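Have a look at the structure below, then the notes.
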Amino acid sequence: MIDDIIKGVEDYLTPNIPVKLISQGAEALVFETNVHPYNPYTTASNASYIIKYRPAKKYRHPSIDQALTKHRTLTEGRLLSKLSNIPGINVPQLICCDPYNGYIWQAKVGCVLPNGTFSNLKNYLWYQKNIDPFDEDKIVKVLVSVGRQIGILHCNDYVHGDLTSSNILLDNNTSSGTNSANEWSPYLIDFGLSSYSTMPEDKGVDLYVLERAILSTHSLFAEKYNQWLLQGYKQAYCEMSLGKDDKERYTKLEQVLKRFEEVRLRGRKRSMIG
Amino acid sequence: MLLVLPQFPDYSISINLFTNCNYKGTTQALTSCSVEQAPRAFIKASNIYSTSHLLCAIYKSFIEYKYNRLRTKNLSTEVILSLYSSSNISEAFKQFGVNSDSVDTDNIIVLQIFNNKKSESYDANTNAYGIDNTLLFEILGKNSENLEFNDANLIKIRDISMIKKIYKIKHENSTNNDQIERCIINSIQLRGL
Ligand SMILES: Nc1ncnc2c1ncn2[C@@H]1O[C@H](COP(=O)(O)O)[C@@H](O)[C@H]1O
């Protein structure tokens, strides 16, 4: 099954674009390649591109399936485009897309950590607490900056929809000039389920999903980690509130936090019953 | 420059940048300078921000051609539509195409896309611009100069304020070159979908 799908991808891309499968999720396969789809000038020796492919689902009616694939691919593309226009938000650059076949190309972000794992937030937290659990400075910095990303996202009325600690990548791209060595910039990825929303509930759910993710993989330190995330989150709201409508933004923050609390309680009740 | 996109190896793309043109042609002249197997498109070079800008529109045209449908006559002209930020064909040709009222166009990109299998007459080794060159130079003017299509040459001739207007790029998004190019690529890739 999976071999057939990979074969299909290779046929689509032709042998001129060799790919490596790096992730296989319920919704999409993610490949990596070092060939740029259209600009040979940018194919630097160490450049890397991400190809995300949403395969057809056999159990869906073909025309519904095609419409859904196109919709999800475009949602992701549109979000990458919209968010790249919001100052302060980091998302991978869209390179091209083929919504008719479910392909989207984007720039690769992140790197391999010294322990051999990929630099998403989840792996980074494992890595960092294993080398020095008391070097809190580094972790605080990262988590506050991750919280800020989410704060800016929500402040601009976008919600992620699947905010896990593997959908937050840390990049130490020093060539961007804004970054000194050892500084991590968080990038948000995977926008297939994202949307524009003004509802505090949706934002509360985003925060809850991330909190659960941290809790389940880093239970010992989770409480602190989540505090730092929230610290960055609030910071973003406050920074963005310096304008004339700051009072309104502040109320918005309070509404989200209230909802977050409610979603949490609901979750707790459910787990007590279930 | 003669280029093949890795995903579409059956086609060759020839891109030539001309500066110092003294364009006097009519639409009719432009048409007659195209040949059937390898139609030419004439593009206002000053509205092209970078190599990625044009190449990303070419890639999009191939995707439409192969998996959806062309909205214009052929692949070369489709690139002009793909360059534009909306699906309005006549606006696209006005902004990016060279036509009878482009009398002051100094910088022109001549684009040809042809199927390798069907175009034996095209000899890339001896003749970079393909067939009908006499006519081509009549249209572009005797003094026109052929530059290499690359970022360094495009930077010299691009009209940034015009480009920002076409793509409705706001001031806060044009703080650096990367960001402008990014806005352009986003709008080309998502246009009309
Ligand atoms: N732009 C990207 N840069 C680097 N890795 C990525 C990128 N997009 C996706 N991935 C990897 O592919 C996995 C699945 O992607 P996704 O389906 O978008 O969540 C992620 O957890 C990452 O490891």
Query raised in the report: Listed residues A:Tyr38, A:Tyr49, A:Tyr12; which is in contact with a strand residue (DSSP E or B) (Cβ under 8 Å, 6 or more places away or on another chain), of a type in the set (Phe, Trp, Tyr) and either within 14 Å of the ligand (Cβ to nearest atom) or not assigned by the TED database to the domain that holds A:Tyr103 (or both)?
Result: A:Tyr49
Query - Residues located in segment B:147-174, provided they are modelled with pLDDT under 90 and surrounded by 15 or more Cβ atoms within 10 Å (Cβ to Cβ) - result: B:Asn173, B:Ser174
Query raised in the report: In segment A:147-163, is there at least one residue being in a strand (DSSP E or B) and of a type outside the set (Ser, Thr, Tyr)?
Result: yes
Query raised in the report: crowded, with 22+ Cβ neighbours inside 10 Å, in contact with a helix residue (DSSP H, G or I) (Cβ under 7 Å, 6 or more places away or on another chain) and among the hydrophobic types (A, V, I, L, M, F, W, C): does that describe A:Leu229?
Result: yes
Requested in this report: Take segment A:72-92 and flag every residue that is open to solvent by less than 40 Å² (accessible area, probe 1.4 Å) and within 7 Å of chain B (Cβ to nearest Cβ).
Outcome: A:Leu74, A:Gly77, A:Ser81, A:Ser84
Requested in this report: Say whether the condition of being among the hydrophobic types (A, V, I, L, M, F, W, C) and open to solvent by less than 10 Å² (accessible area, probe 1.4 Å) is met by at least one residue in segment A:46-61.
Outcome: yes
Query - Output for segment B:38-83, where each listed residue is more than 14 Å from every other protein chain (Cβ to nearest Cβ) and β-branched (Val, Ile, Thr) - result: B:Ile43, B:Thr72, B:Thr77, B:Ile80
Query raised in the report: Given the conditions (1) away from the ligand (no atom under 16 Å from the Cβ); (2) open to solvent by 30 Å² or more (accessible area, probe 1.4 Å), and given that A:His154 satisfies all but one, which numbered condition is not satisfied?
Result: (2)
Report task. Only residues in segment A:95-110 that are at the interface with chain B (Cβ under 9 Å from one of its Cβ atoms) and within 17 Å of B:Gln179 (Cα to Cα) count as the first member; pair them with residues that are within 9 Å of the ligand (Cβ to nearest atom) and of a type in the set (S, T, N, Q), Cβ under 6 angstrom, at least 6 apart or cross-chain, and list the lot. Result -> A:Ile95/A:Gln106
Query raised in the report: Has segment B:175-190 got any residue that is at pLDDT 75 or above, away from chain A (no Cβ under 14 Å), outside any loop (DSSP other than H, G, I, E, B) and within 27 Å of B:Cys21 (Cα to Cα)?
Result: no
**Report entry** Meets criteria (out of contact with any helix residue (DSSP H, G or I) (no Cβ under 6 Å at 6 or more places or on another chain), without any contact (Cβ under 8 Å) to a residue 24 or more places away in the chain and either open to solvent by less than 40 Å² (accessible area, probe 1.4 Å) or among the charged types (D, E, K, R) (or both)) for A:Lys7
**Finding:** yes
Query raised in the report: If the Cβ limit is 6 Å and pairs must be 6+ apart or interchain, which residue in segment B:76-90 that is within 16 Å of B:Tyr59 (Cβ to Cβ) pairs with which residue that is in a helix (DSSP H, G or I) and charged (D, E, K, R)?
Result: B:Ser82/B:Lys60
Query raised in the report: Quick one: A:Pro114 ticks every box in (1) of a type outside the set (Val, Ile, Thr); (2) closer than 20 Å to A:Leu170 by Cβ; (3) assigned to a strand (DSSP E or B); (4) free of Cβ contacts under 8 Å to residues at least 60 places away in the same chain bar one, so which box is it?
Result: (3)
Query raised in the report: Mind checking whether some residue in segment A:105-118 is open to solvent by less than 40 Å² (accessible area, probe 1.4 Å) and away from the ligand (no atom under 13 Å from the Cβ)?
Result: no
Requested in this report: Being open to solvent by 30 Å² or more (accessible area, probe 1.4 Å) and part of a loop (DSSP other than H, G, I, E, B) is the filter; apply it to segment A:164-174 and report the residue that is farthest from the ligand (Cβ to nearest atom).
Outcome: A:Asn172
Requested in this report: Could you give me the residue pairs with C-beta distances under 8 Å whose first residue belongs to segment A:20-39 and is within 11 Å of chain B (Cβ to nearest Cβ), whose second residue is among the charged types (D, E, K, R) wherever it lies, and which are 6+ apart or on separate chains?
Outcome: A:Thr33/A:Lys20
Query raised in the report: Looking only at residues in segment A:90-104 that are in a loop (DSSP other than H, G, I, E, B) and touching a strand residue (DSSP E or B) at 6+ places or on another chain (Cβ under 9 Å), which one is farthest from the ligand (Cβ to nearest atom)?
Result: A:Asn101
Report task. State the number of residues belonging to segment A:130-149 that are more than 13 Å from A:Glu183 (Cβ to Cβ) and either open to solvent by 60 Å² or more (accessible area, probe 1.4 Å) or over 23 Å from the mean Cα position of the chain (by Cα) (or both). Result -> 8
Query raised in the report: Which condition breaks for B:Leu190 when tested against (1) within 24 Å of A:Pro92 (Cβ to Cβ); (2) surrounded by fewer than 19 Cβ atoms within 10 Å (Cβ to Cβ)?
Result: (2)
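The values are calculated or read from the model by the stated rules, or taken from the named source; none is laboratory data. What you are looking at is a predicted structure, and each value in this text was computed from that prediction instead of being measured. Neighbour counts are summed over all protein chains in view; Cβ atoms, including those assigned to glycine, are modelled from backbone coordinates with ideal geometry. Accessible surface areas use protein heavy atoms only, side chains included; no ligands, DNA or RNA. Shrake-Rupley method; radii C 1.70, N 1.55, O 1.52, S 1.80 Å.
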